[in-house]
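The values are calculated or read from the model by the stated rules, or taken from the named source; none is laboratory data. Note that the structure is predicted; figures quoted are calculated from it, not measured. Here the Cβ positions follow ideal geometry from the backbone for every residue, glycine too, while neighbour counts run over all protein chains shown.
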Amino acid sequence: MTSSAQLLELAEEIAEKAGELLMRRPSNFELDQKSGVLDFATQMDHESEKLIVAAILAARPDDSIIGEEGSDRVGTSGYTWVIDPIDGTVNYLYGIPGWCISIAIKDSEGYLVGVVHAPSFAMTWSARRGGGATCNGKPLRCNEPVSLDRALIATGFAYDIERRKPQAEFIKELLPKIRDVRRMGACAVDICMVASGSVDAHFEAGVNEWDYAAAGLIASEAGAKFAFKKGIWDGEKYFVLTAGPSLFRALAEALAPHGYDLR
């Protein structure tokens, strides 16, 4: 039987190979327009997914795969890889640090291992279920306790301009109650920053499973509470909230009246 430690090592190796590919960022891109007004994928996005999928199948041909760029396949092993070849595509397009490769593996009990590799930061967050979380090999622990009025909170916004309006209204209401807001541009990195204690919380609407799968496990293994709910904002997408337990409760209460109810 394959151990979670072996699977984690393989996921880390594959993420690093994809990172090496993506760090060879060309100055010009051939863009494929994705669904949504402002959401673009680059040719490198597709190349990264091809590399990741090929590496998975070479090592584990019987595993299932869920990929952002359409590399879904059904296997027979009971293990499913959930991959995002570039989370933070707009950052990558503009040459802004913070984009990442996200790779998770799940089994019948849930997420088993997770890797978020951010080459532009030289940081790799990793976790396996029940084994704790690390960044570049060093153990992680989220900030706890943190009161709402001292919280540094990360978030993200919808690509659809119309859907940004209610998000902006909530941020306007929240700002006087907290320390400040940060916007990294990659959901997986934001969640991992909670695990690292670099920010105190993260919430975001309209994300996909591959955006949070690896990072959610990493945050949970670092002592944070991580929750997701489908259909709050979009029928096929998720709302996610991550924070230390005490701050999670306070944020959940603040978010609930705005339709983001995770209580």
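May I ask you to list pairs of residues, at least six apart or on different chains, whose Cβ atoms are under 7 Å apart, with the first in segment 42-62 being outside any helix (DSSP H, G or I) and the second being surrounded by fewer than 17 Cβ atoms within 10 Å (Cβ to Cβ) and not basic (Lys, Arg)?
Close Cβ pairs satisfying both conditions: Thr42/Phe29; Thr42/Leu31; Arg60/Ser77; Asp62/Gly75; Asp62/Thr76; Asp62/Ser77.
Scan segment 81-91 for residues that are surrounded by fewer than 24 Cβ atoms within 10 Å (Cβ to Cβ) and touching a Phe, Trp or Tyr at 6+ places or on another chain (Cβ under 6 Å) and report the count.
Here is the first cut: in segment 81-91, the residues surrounded by fewer than 24 Cβ atoms within 10 Å (Cβ to Cβ) are 82, 89-91.
Those left that are additionally touching a Phe, Trp or Tyr at 6+ places or on another chain (Cβ under 6 Å): 82, 91.
Adding up the residues that qualify gives 2.
With the structure loaded, tell me whether Asp160 is among the acidic types (Asp, Glu) and at pLDDT below 95 or whether it fails that test.
Values: among the acidic types (Asp, Glu): yes; at pLDDT below 95: yes.
It is true that Asp160 is among the acidic types (Asp, Glu) and at pLDDT below 95.
Just one of Ala213, Ala205, Ala219 is in contact with a strand residue (DSSP E or B) (Cβ under 6 Å, 6 or more places away or on another chain), assigned by TED's automatic domain parsing to the domain that holds Ile161 and under 18 Å from Gly67 (Cα atoms); which is it? Lay out the reasoning, then the answer.
On the way: Ala205 fails: under 18 Å from Gly67 (Cα atoms); Ala219 fails: under 18 Å from Gly67 (Cα atoms).
Being in contact with a strand residue (DSSP E or B) (Cβ under 6 Å, 6 or more places away or on another chain), assigned by TED's automatic domain parsing to the domain that holds Ile161 and under 18 Å from Gly67 (Cα atoms) holds for just one of Ala213, Ala205, Ala219, which is Ala213.
Pairs, please: C-beta under 7 Å, at least 6 apart or cross-chain, first residue closer than 12 Å to Gly95 by Cβ and part of a strand (DSSP E or B) and in segment 18-33, second modelled with pLDDT under 60 and of a type outside the set (Phe, Trp, Tyr)?
none
Which of the residues that make up segment 51-80 are surrounded by 21 or more Cβ atoms within 10 Å (Cβ to Cβ), out of contact with any Phe, Trp or Tyr (no Cβ under 8 Å at 6 or more places or on another chain) and closer than 17 Å to Thr2 by Cα?
The answer is Thr80, and nothing else.
Quick one: in segment 140-149, of everything that is over 13 Å from Ala195 (Cα atoms) and touching a residue at least 40 places away in the same chain (Cβ under 8 Å), which residue is surrounded by the most Cβ atoms within 10 Å (Cβ to Cβ)? It would help to see each step written out before you state the result.
Restricting attention to segment 140-149, the residues satisfying the condition of being over 13 Å from Ala195 (Cα atoms) are 145-149.
With touching a residue at least 40 places away in the same chain (Cβ under 8 Å) added as a condition, the list becomes 145-148.
Numbers: Pro145: 11, Val146: 23, Ser147: 12, Leu148: 20.
Within segment 140-149, the match that is surrounded by the most Cβ atoms within 10 Å (Cβ to Cβ) is Val146.
Quick one: count up the residues across segment 64-77 that are out of contact with any strand residue (DSSP E or B) (no Cβ under 6 Å at 6 or more places or on another chain) and modelled with pLDDT of 95 or more.
Counting residues in segment 64-77 that are out of contact with any strand residue (DSSP E or B) (no Cβ under 6 Å at 6 or more places or on another chain) and modelled with pLDDT of 95 or more gives 2.
Do any strands (runs of 3 or more DSSP E) lying entirely in segment 156-263 carry at least 2 residues that are in contact (Cβ under 8 Å) with a residue 40 or more places away in the chain and either hydrophobic (A, V, I, L, M, F, W, C) or crowded, with 18+ Cβ neighbours inside 10 Å (or both), and which ones are they?
Details: elements: 180-182, 201-207, 225-230, 238-243.
Because the criterion is at least 2 residues that are in contact (Cβ under 8 Å) with a residue 40 or more places away in the chain and either hydrophobic (A, V, I, L, M, F, W, C) or crowded, with 18+ Cβ neighbours inside 10 Å (or both), the strands (runs of 3 or more DSSP E) in segment 156-263 that meet it are 201-207, 238-243.
Could you tell me which residue of segment 6-54 is farthest from Gly131 (Cα to Cα), considering only residues that are at pLDDT 95 or above and over 21 Å from the mean Cα position of the chain (by Cα)?
Ala54
To keep it simple, each residue is scored yes or no on (1) of a type in the set (A, V, I, L, M, F, W, C); (2) within 23 Å of Thr80 (Cβ to Cβ).
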residue	(1), (2)
Ser198	no, no
Phe203	yes, no
Gly206	no, yes
Gly216	no, yes
Glu221	no, yes
Ser246	no, no
Ala254	yes, no
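Looking at the structure I just gave you, is Val146 part of a loop (DSSP other than H, G, I, E, B) and at pLDDT 95 or above? Break it down into steps so the answer makes sense when it comes.
Working: part of a loop (DSSP other than H, G, I, E, B): yes; at pLDDT 95 or above: yes.
Yes: the conditions hold for Val146.
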